Amino acid sequence: MDRIILGKHTLSAIIALTEDEQRIGLMRQPWPPPVMVFPYESSRVRKFWMKDTPSPLDIIFCRAGQVLSVVAGEPLCLTHVGPDEPSDLVIELPKGMAQNLDIVSGTKVKVVYGLFTLARKIELKLSKNC
């Protein structure tokens, strides 16, 4: 099982590994949406939008194992949101969950991959090298 550790809280999560999974994200997910994690191999400025996402979200941008910022994702909105600094991990939570868990800038964060996802990561990495 995949998990995300945010501060002192451990949450089950869906991990979006491929570009297609990351592009689709939580589109069309009813309330409450699952926790979704978007890990990236490198840090760069990232902006998210909510075009086909009907549920309000807390979008957490992270770098080097720490939360940079928490921004509101508005349902079905085309506005791109996110900080103007590089991130290497983005987490989507149901709106209000970040505040309830006291997730703020500086909170430690860690992705814990389940065996199936680890195997997928290895397979994806090997297929890129071929």
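The values are calculated or read from the model by the stated rules, or taken from the named source; none is laboratory data. Model, not experiment: these values are computed from the prediction. Here Cβ is always computed from backbone atoms with ideal geometry, including for glycine, and neighbour counts include all displayed protein chains. Just the protein is used for accessible areas: all its heavy atoms, side chains included, with ligands, DNA and RNA removed. Shrake-Rupley method; radii C 1.70, N 1.55, O 1.52, S 1.80 Å.
Taking the residues in the stretch 42-57 that are surrounded by 13 or more Cβ atoms within 10 Å (Cβ to Cβ) and among the aliphatic types (A, V, I, L, M) as candidates, determine which candidate is farthest from T107 (Cα to Cα). The residue in question is M50. Contact map, the stretch 110-130: first residue over 15 Å from I4 (Cα atoms), second residue of a type outside the set (G, A, S), Cβ cut-off under 7 Å, separation 6 or more or different chains; pairs are R120/L17; K121/L17; K121/Y113; L124/L17; L124/T18. Just name the residue that is nearest to V37 (Cα to Cα) out of those in the stretch 96-115 that are hydrophobic (A, V, I, L, M, F, W, C) and either touching a Lys or Arg at 6+ places or on another chain (Cβ under 9 Å) or surrounded by 11 or more Cβ atoms within 10 Å (Cβ to Cβ) (or both). If we take residues in the stretch 96-115 being hydrophobic (A, V, I, L, M, F, W, C) and either touching a Lys or Arg at 6+ places or on another chain (Cβ under 9 Å) or surrounded by 11 or more Cβ atoms within 10 Å (Cβ to Cβ) (or both), then V111 is nearest to V37 (Cα to Cα).
Could you go through the stretch 49-57 and let me know if any residue there is closer than 23 Å to L101 by Cα, touching a residue at least 40 places away in the same chain (Cβ under 8 Å) and in a strand (DSSP E or B). No, the stretch 49-57 contains no residue that is closer than 23 Å to L101 by Cα, touching a residue at least 40 places away in the same chain (Cβ under 8 Å) and in a strand (DSSP E or B). Inside the stretch 58-81, can you point out the residues that are open to solvent by less than 50 Å² (accessible area, probe 1.4 Å), β-branched (V, I, T) and either outside any strand (DSSP E or B) or touching a Lys or Arg at 6+ places or on another chain (Cβ under 7 Å) (or both)? Of everything in the stretch 58-81, just one residue is open to solvent by less than 50 Å² (accessible area, probe 1.4 Å), β-branched (V, I, T) and either outside any strand (DSSP E or B) or touching a Lys or Arg at 6+ places or on another chain (Cβ under 7 Å) (or both), namely V81. Remark: P39 falls outside the filter, which requires a residue to be surrounded by 14 or more Cβ atoms within 10 Å (Cβ to Cβ) and outside any strand (DSSP E or B).
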